[in-house]
1. If the limit is 30 Å between Cα atoms, which of Lys22/Lys262; Lys97/Lys250; Lys26/Lys150; Lys190/Lys238; Lys34/Lys105 go over it?
2. Mind telling me which of Pro191, Pro19, Pro30 comes out most flexible in a GNM of the chain, alpha-carbon contacts under 10 Å?
3. Rolling a 1.4 Å sphere over the protein heavy atoms, what is the accessible area per residue of the chain, to the nearest Å²?
4. Could you give me the ³J(HN,Hα) list for segment 46-54, computed from phi with Karplus coefficients 6.51, -1.76, 1.60 and θ = phi - 60°, whole Hz, x at Gly and Pro?
5. Just round it to a whole percent: the fraction of Cα-Cα distances in segment 1-156 exceeding 27 Å.
6. Counting only the heavy atoms of the protein chains, how much of Thr181 is accessible to a 1.4 Å probe, in Å² to the nearest 10?
7. Can you tell me which of Asp124, Asp33, Asp231 moves the most in a GNM of the chain? Springs connect C-alpha atoms under 10 Å apart.
8. I'd like the FRET efficiency for Gln79 and Arg122, computed as 1/(1 + (r/R0)^6) with the beta carbon distance as r and R0 of 30 Å, rounded to 0.05.
Amino acid sequence: MSIKTVVIPVAGMGTRFLPATKVISKEMLPILDKPLLHYAIEEAKSIGIKNFIFVTNINNRFPILYLSRNIRLEKHLEQKSNTKVLKAIKSLTIQSKNIKLVLQKNPLGLGDAVLRTKKYIRDDDFAVLLPDDLILGKNCLKELVAVYNKKKSSVIGSMHVNKNEVNKYGIIKGDILNSKTIKVSELVEKPTHKNAPSNLAIVGRYILKNSIFKYLSKINKGSGNEIQLTDAISLSAKYENVFSFRFTGKRYDCGSKLGFLKAQIASALIDPELKKNIRIELNKLYYESK
Ligand code: G1P
């Protein structure tokens, strides 16, 4: 069965980016000229995902606005013969029948967000993508789907983190199958340094078997007094195979100011129009600040 649906949670208040996020949601903040949402959609679309489910708060209709056609803008670009931008804009359009908004009024956690999408996903397996986790380079969902196709099991994206950062992530315990793949036995959401079973962390990319809904409805509130997706996957690992895969690309934590800034610079350093000048400018800034 191929993966046709992605769940993209966008209900967060974006408090770390206030005041900007007073009027726009945080996944609309741009890295160079594209919002984080755009990168997320591109990653999913390029592996053949057709259905997009956004779990959103009552004020956030940005995904619909961003993914719908803007006829006036298209006409303007046509008149100006700006075919490159016109093509880019059109390529992102998603038919409204393939977009669903699911309301999450209160921040009850990622597990709660995913559970709310059940009626649209029905019996299918599906992907979850957290747009804050920008992954540049090789398409991470594509790598996970390849493992899912082979193992017919849930697969989560993973990366090594510093021991002093384990309390920011879901942490993985399991048996090493090869340098990239682990058979998961347990997951712990945001453990202390002392309680962490490893320093292998979950990143915001998941391919999930449909059975996850059964486990999500069984678990209680966990870390942060929220329903944690990590806890449901950990429970599922007791009864089914679950794998983690260390992806190839580079991940930027765009939920933090430093990560967001690093993503901007990293993107500029590989951008054909900017890469030469950004090196010169960064060097200048560095020496001027000394
Ligand atoms: C979520 C997950 C966590 C994962 C992290 C990756 O946490 O709950 O397991 O490691 O995303 O970014 P959040 O950052 O939303 O608190």
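1. Lys97/Lys250; Lys26/Lys150, as the Cα separations exceed 30 Å there.
2. Fluctuation is largest for Pro19.
3. Numbers: 15860 Å² over 290 residues.
That works out to 55 Å² per residue.
4. The phi angles translate into 6, 10, x, 6, 10, 10, 10, 10, 9 Hz.
5. More than 27 Å apart: 26 percent of the Cα pairs in segment 1-156.
6. In the full protein context, Thr181 sits at about 10 Å².
7. Asp33
8. 0.10
The values are calculated or read from the model by the stated rules, or taken from the named source; none is laboratory data. Computed from a predicted structure; not experimentally measured. Glycine also receives a Cβ, built like all others from the backbone with ideal geometry; neighbour counts cover every protein chain displayed. Side chains included, ligands, DNA and RNA excluded: accessible areas come from the protein's heavy atoms. Shrake-Rupley method; radii C 1.70, N 1.55, O 1.52, S 1.80 Å.
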